[in-house]
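S.K.: Attaching a single structure in structure tokens format; questions to follow.
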Amino acid sequence: METKFEFAKSLIKEAGALVKESMKNPLEIASKSQFDDLVTNVDQATQQFLVEQIKLYYPNDFILAEEGHLLHPIDEGNVWVLDPIDGTVNFVSQGQDFAIMLAYYEAGVGQFGIIYNLMDDQLYAGGGVFPVTLNGQELSPYKDKPISQFLIAANSGMYAHNTMGVGELIKQSLGLRVYGSAGISMSRVLEGKLMAYFSCIYPWDYAAASIMGESLGYVTLTMTGEHPDFRTRQAIMFVPKDKLTLIQSVVNEHS
């Protein structure tokens, strides 16, 4: 597993270098499900590079990824979960606050996750048998304190409409932060800069952070308390285990 982990960290750095180089050229931008659901030639080229390299070194492994309908079941064999650019709108409009993400599972069990905030050169990596680190420095497990002393990140729509009590919960905190990237948001939870993250996201958005979070005292669940299905877009919460009962009490009041 050590060899695979080191391979993955090197691979994501290589992908980051390719993305930075591609940013010197005009982007080709298209919409998917709606006008703000964007994909670029860089998303597609980055995923192609990641898939090709994984298949070159691990030809018997499978891929679950955002682009190209690579939707292998998470619990069947060795599966890499890829998000070539998480936060594509940020990538297109700002050139920052986006990430490349990799996660690796064996028979449905997360072995490690990696989130690379390439514009800030921040590499979050670990989980499973590996310590969770930021640029090689080990991150501390969650330290409990009152909600009133935390910031919380969430999908702006869930906050505005108080979806399943998310708005009510955030009113008890120091405030809301919206970053437009699940990877950026969840990495800041891993650092302890945010208490939790709530959004409607896909498996490639939460897979890496969920593996790392498990090692630091966090849990990834649907808003109704089930394990995510790793197949569809779902309302997800990434929260401290120590706060789960309190959070679920608020959610249940608004279900």
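S.K.: What is the packing order of peptides 125-131, 20-26, 73-79, taking the mean over residues of other C-beta atoms within 10 Å and listing the highest first?
M.R.: 125-131, 73-79, 20-26
S.K.: So what J values fall out for region 3-14 if you push phi through Karplus, 6.51 cos²θ - 1.76 cosθ + 1.60 with θ = phi - 60°, rounded to Hz, Gly and Pro as x?
M.R.: Whole-Hz 3J(HN,Hα) from phi for region 3-14: 4, 5, 5, 5, 4, 5, 5, 5, 5, 5, 5, 4.
S.K.: Would you kindly derive the ³J(HN,Hα) couplings of region 118-128 from the backbone phi angles with the Karplus curve 6.51 cos²θ - 1.76 cosθ + 1.60 (θ = phi - 60°), listing them in order in whole Hz, with x for Gly and Pro?
M.R.: For region 118-128, the Karplus curve yields 5, 5, 9, 6, 10, 10, 9, 8, x, x, x Hz.
S.K.: In addition: PRE reach from ASN41 (point 7 Å along Cα→Cβ): which of region 49-88 fall under 19 Å by backbone N?
M.R.: Under 19 Å, as judged by backbone N against the label point of ASN41, lie 49-50, 67-68, 84-85, 88 of region 49-88.
S.K.: Counting only helical runs of four or more DSSP H residues, what would the 222 nm mean residue ellipticity of the chain come to if each run contributes -39,500 (n - 2.57) and the total is spread over all its residues?
M.R.: After summing the helix terms and dividing by residue count, I get -10500 deg cm²/dmol.
S.K.: Here's another thing I want to ask about it. Testing the spin-label approximation: label points 7 Å from Cα along Cα→Cβ at VAL89 and PHE49. State their distance in nm.
M.R.: Computed distance between label sites VAL89 and PHE49 equals 2.6 nm.
S.K.: Using mean Cβ contacts within 10 Å as the protection proxy, how do 179-190, 56-67 order, highest first?
M.R.: Those peptides, ordered most packed to least, come out 179-190, 56-67.
S.K.: Find the accessible area per residue for the chain; the probe is 1.4 Å, ligands and nucleic acids are left out, and the unit is Å².
M.R.: So the chain comes to 45 Å² accessible per residue, rounded to a whole number.
S.K.: Can you work out the FRET efficiency for the pair TYR57 and ALA160, with r the C-beta to C-beta distance and R0 = 35 Å, to the nearest 0.05?
M.R.: That gives a FRET efficiency of 0.20.
S.K.: Separate question: Cα centroids of region 203-255 and region 148-176: how far apart, whole angstrom?
M.R.: 15 Å
S.K.: Ok, one more. If N is the number of residues in the chain, what value comes out of its Cα radius of gyration divided by 2.2 N^0.38 Å?
M.R.: 0.96
S.K.: By how many degrees, between 0 and 90 and to the nearest 10, does the Cα long axis of helix 244-253 differ from the longest principal axis of the chain?
M.R.: So the helix axis and the longest Cα principal axis differ by about 70 degrees.
S.K.: Same structure, new question: State whether region 146-249 is rounded, prolate or oblate according to the following rule on the C-alpha gyration tensor (a ≥ b ≥ c being the square roots of its eigenvalues): a/c under 1.5 gives rounded; otherwise a/b larger than b/c gives prolate, and the remaining case gives oblate.
M.R.: Rounded.
S.K.: Next question. Can you tell me the relative contact order of region 35-112? Whole percent, Cα pairs under 8 Å, sequence separation 6 or more.
M.R.: Dividing the mean separation by the residue count of region 35-112 yields 26 percent.
S.K.: Hey, any idea what % of region 110-255's accessible area is carbon plus sulfur with a 1.4 Å probe?
M.R.: In region 110-255, the share of accessible area belonging to carbon and sulfur is 47 percent.
S.K.: While we're on this one: Can you give the convex hull volume per residue for the Cα atoms of region 94-209, as a whole number of Å³?
M.R.: 115 Å³
S.K.: Share of antiparallel DSSP beta bridges in region 58-208, in percent to the nearest 5?
M.R.: The antiparallel fraction comes to roughly 75 percent.
S.K.: Turning to a different aspect of this structure: Accessible area of ARG177, 1.4 Å probe, to the nearest 10 Å²?
M.R.: 100 Å²
S.K.: Which ³J(HN,Hα) values, rounded to whole Hz and listed in residue order, are derived for region 184-198 from phi using the Karplus coefficients 6.51, -1.76 and 1.60 in 6.51 cos²θ - 1.76 cosθ + 1.60 with θ = phi - 60°, glycine and proline given as x?
M.R.: 5, 4, 6, 5, 6, 5, 4, 6, x, 7, 10, 7, 7, 9, 10
S.K.: Let me ask something else. Relative contact order (percent) for region 196-255, with alpha-carbon contacts under 8 angstrom and 6 or more residues of separation?
M.R.: 40 percent
S.K.: Just going by the charge dipole of the chain, with Lys and Arg at +1 and Asp and Glu at -1 on Cβ, which of ILE114, GLN149, ASN25 is farthest out on the positive end?
M.R.: About the Cα centre, the residue reaching furthest to the positive side is GLN149.
The values are calculated or read from the model by the stated rules, or taken from the named source; none is laboratory data. Because the structure is predicted, anything quoted here is derived from the model rather than measured. Counting neighbours? That spans all protein chains shown, and the Cβs are built from the backbone with ideal geometry, glycine included. The protein model used for the area step is the full one, side chains on, heavy atoms only, and it has no ligands, DNA or RNA in it. Shrake-Rupley method; radii C 1.70, N 1.55, O 1.52, S 1.80 Å.
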